[in-house]
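Read the structure below first, then the notes.
The values are calculated or read from the model by the stated rules, or taken from the named source; none is laboratory data. Computed from a predicted structure; not experimentally measured. Every residue, glycine among them, receives a Cβ derived from its backbone with ideal geometry; neighbour counts consider all protein chains shown. Remember, those area values only see protein heavy atoms, side chains included, never the ligands or the DNA or RNA. Shrake-Rupley method; radii C 1.70, N 1.55, O 1.52, S 1.80 Å.
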Amino acid sequence: MNSNYIWMVRAGESGYLIDEFLTQGIVAIGWNKIGDLKNLKTLDELKNRLRKAYPNSKLSQVNNYAGQIFRFRFDFQILDKVISYNPMSRNYHIGEIISDYYYDEGSLDYHHKRKVKWIKDIPRDILSTKTKNTLGSTLTIFKISNSAANEILGNTINIPIAKTKVENVEKEDETLDTIKEEIEAKAHEFIKDKILQLSWEEMQELVAGILRGMGYKTMVSQKGVDRGKDIIASPDGLGLENPKIKVEVKHRSGSMGSSEIRSFLGGLRPNDRGLYVSTGGFTKDAKYEAERANVPLTLIDTDLLVRLIIQHYDNFDSDTRALIPLKKLYWPI
């Protein structure tokens, strides 16, 4: 019988395995060195395996890993719901577990798996701030709260409290480092939310402001002008001194493909440097096209844009800060 539990299962770092999750109809986790867990009996046995496989891990990390892996192996049930996030498309994918745990050393980087029937997608932008915050945990696996699950599923189910098969499963050790990682991850996504609310003109000004914060002077194309470049950055601001960086800014939901990258490269000269900014991200073919280009070209998606904003924010001028107002948070070390 359907328990109505909803589990988050992250698709690897920055969601890099989400396409495989969806096309193969699975969810999976790593920690491959501990081997097949089919005959695993106890939490202590799992911790022993983790200590042997990852001898440099702290006790708190071992406890954290063990709690998540144990849930995937024992607490996940057929017909439970799962959710995973694609940071590129900013969609949450909801599915239903349709198999028991199994171990598979196939082509996927993660070997601990369960089969899933994917049901629907939900854009992050339509969710409430409270639910976004709930979904922002950095843990690979965690159970979605009742209120967040109700919003995601669009109903008012009564989700029971998850129980484990072993009573002494320890709660994740919320050390300062763990809490800090979660806050940073949530802040990263909320900054992305702010970026995607900007107009195209504001987006162009933000990219120019980032470059100025990095020490360049910029010229921004006038509205309506499109000659393959939106911004020129250089030491002198006129594009006469090297390095001269030509920038294309695409502020839309769809990923940029290889044809767009080839078109942009066609407008660059041998001494130019290129930046292609796309808030919708890039396809694999587009990344390959950039890697083999004869002219140096860097692709910037929304995640890298956030990292650049955080890194150079102290050097932003007032106009750029006004586009993405941020407050610095001090944390004990």
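Could you grab me the full set of residues in region 289-320 that are within 17 Å of residue 213 (Cα to Cα), open to solvent by 30 Å² or more (accessible area, probe 1.4 Å) and more than 24 Å from the chain's Cα centre (by Cα)? Matches in region 289-320: 314, 315, 317, 318, 319. In region 10-24, the residues that are at positive phi form Cβ pairs under 9 Å with partners that are among the hydroxyl-bearing types (Ser, Thr, Tyr), at six or more places apart or across chains, as follows: 12/110; 12/140; 15/84; 15/85. Residue check: is residue 286 of a type outside the set (S, T, N, Q), in a helix (DSSP H, G or I) and in contact (Cβ under 8 Å) with a residue 12 or more places away in the chain? Answer is yes for this residue. A count restricted to region 253-282 and to residues that are surrounded by 12 or more Cβ atoms within 10 Å (Cβ to Cβ), among the basic types (Lys, Arg) and more than 16 Å from residue 217 (Cβ to Cβ) stands at 1. Taken together, the criteria place residue 249 among residues that are open to solvent by less than 20 Å² (accessible area, probe 1.4 Å), touching a residue at least 40 places away in the same chain (Cβ under 8 Å) and either among the basic types (Lys, Arg) or outside any helix (DSSP H, G or I) (or both). Looking across region 247-283, just one residue is within 23 Å of residue 90 (Cβ to Cβ), modelled with pLDDT under 90 and among the basic types (Lys, Arg), and that is 252. Determine whether residue 309 is among the β-branched types (Val, Ile, Thr), assigned to a helix (DSSP H, G or I) and over 25 Å from residue 123 (Cα atoms). Criteria not met by residue 309.
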